[in-house]
Amino acid sequence: MSRRIALIGFGEAGRTFAAAAGWRGNARVFDIKTQDAASVAPMRAAYAEHGVSGCDTLAQALEDAQVVLSLVTADQTPAAALATAQHLSRGALFLDLNSVSPGAKQRNAEAIEAAGGRYVDVAVMSPVQPAALAVPLLVSGPHADDGAVMLRSIGFSNVTISGARVGDASATKMVRSVMVKGIEALTAEMLLAARAAGVTDAVLASLGGDWPKKADYNVDRMLAHGTRRAAEMEEVVATLTELGIEPLMTRGTVQRQRAFGALLGDAAMPDGLDAKLALINRNTDQKMQGKADPA
């Protein structure tokens with residue numbers, strides 16, 4: 001594989017893909033964290049660990065790149081597209097793998113296409129771990145065919161074209177998240193209520209099947225990734241609003257995901273549902289006690 005790859009952002013997704021594909025010298029990376037004195041050393045260590053060429057500027061990372069993978073946080077997606085447009089080689093493929101609304105992807109596409117690049121909307125449809133290069137990807141837009149060929153050529157094995165419009169892939173992911181992340185949030189709310197009523201075991205048993213296991217998994221995902229999931233669900237709120245759907249339930253999902261994502265901190269994930277609920281209960285009790293304390 002001799003493609004010149006540029007990665008914008010080197011978090012979990014970028015590191016997972018680079019490690020699995022063995023891109024190493026073929027990949028140049030720019031991450032905004034190298035602009036922060038507190039995070040520059042760990043980021044450069046990550047570059048070295050994965051054998052990629054870390055760049056001090058975005059322009060350096062984009063020089064002669066045939067394909068650009070944008071893997072930044074949702075709030076940085078517009079800035080990444082606009083900055084890339086200033087340095088992108090004509091005809092280069094810009095693969096936007098970020099979890100943002102169709103409207104945001106369409107605005108990003110306008111900037112990239114105006115600069116002579118070829119924009120592809122890519123939706124990552126499951127966690128990148130442990131799937132890595134087998135993670136399901138949906139691609140859409142006028143350059144979806146070329147984008148799919150490129151993704152396969154650099155190692156991805158589960159690529160599906162989902163539409164001819166920029167936004168088709170991201171809309172599928174965003175609307176799906178209403179259910180997937182919403183179920184997690186409903187699970188959390190159910191368990192909080194069950195704990196308060198003292199009927200947790202009875203409630204889980206009444207649902208049948210493997211609900212104790214499902215509940216453990218859903219809470220685990222929220223504790224581990226709730227902050228990131230909340231940011232994604234903000235984009236789902238934007239998606240629903242763009243579609244003329246009032247996001248009543250989804251706004252609640254944002255709040256539950258964000259609250260649970262703030263609980264774990266740097267601590268290790270508790271093992272088992274009981275231990276996770278104990279962590280949640282301790283934090284809930286502390287907050288309630290704080291409200292009860294006099295000012």
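The values are calculated or read from the model by the stated rules, or taken from the named source; none is laboratory data. In this text, all values refer to a predicted model and were calculated from it rather than measured experimentally. Cβ placement follows ideal geometry from the backbone for every residue including glycine, while neighbour counts extend to all protein chains displayed.
When Ala45, Ala65, Ala37, Ala74 are checked against the criterion of being in the same structural domain as Ala104 (by TED's automatic domain parsing), in contact with a helix residue (DSSP H, G or I) (Cβ under 9 Å, 6 or more places away or on another chain) and hydrophobic (A, V, I, L, M, F, W, C), a single residue qualifies: Ala74. For residues that are among the charged types (D, E, K, R) and farther than 27 Å from Ser153 by Cβ, scanning just the stretch 37-80, find the one that is surrounded by the most Cβ atoms within 10 Å (Cβ to Cβ). Going through the qualifying residues, I end up with Arg44. Return a yes/no flag: does the stretch 150-167 have any residue that is among the charged types (D, E, K, R), touching a Ser or Thr at 6+ places or on another chain (Cβ under 8 Å) and within 27 Å of Leu243 (Cβ to Cβ). Checked against the condition, which is being among the charged types (D, E, K, R), touching a Ser or Thr at 6+ places or on another chain (Cβ under 8 Å) and within 27 Å of Leu243 (Cβ to Cβ), the stretch 150-167 yields at least one hit.
For Gly209, the criteria (1) assigned to a helix (DSSP H, G or I); (2) in the same structural domain as Ala262 (by TED's automatic domain parsing) hold in every case but one, which is (1). I need a count of the residues in the stretch 16-36 that are without any contact (Cβ under 8 Å) to a residue 40 or more places away in the chain and crowded, with 21+ Cβ neighbours inside 10 Å. Count: 6. Residues in the stretch 267-295 that are modelled with pLDDT under 80, part of a helix (DSSP H, G or I) and of a type in the set (Gly, Ala, Ser) were compared, and the one that is nearest to Val219 (Cα to Cα) is Gly290. Only one entry of Ala123, Ala109 meets the criterion of being closer than 27 Å to Thr57 by Cβ, touching a strand residue (DSSP E or B) at 6+ places or on another chain (Cβ under 8 Å) and not β-branched (Val, Ile, Thr), and that entry is Ala109.
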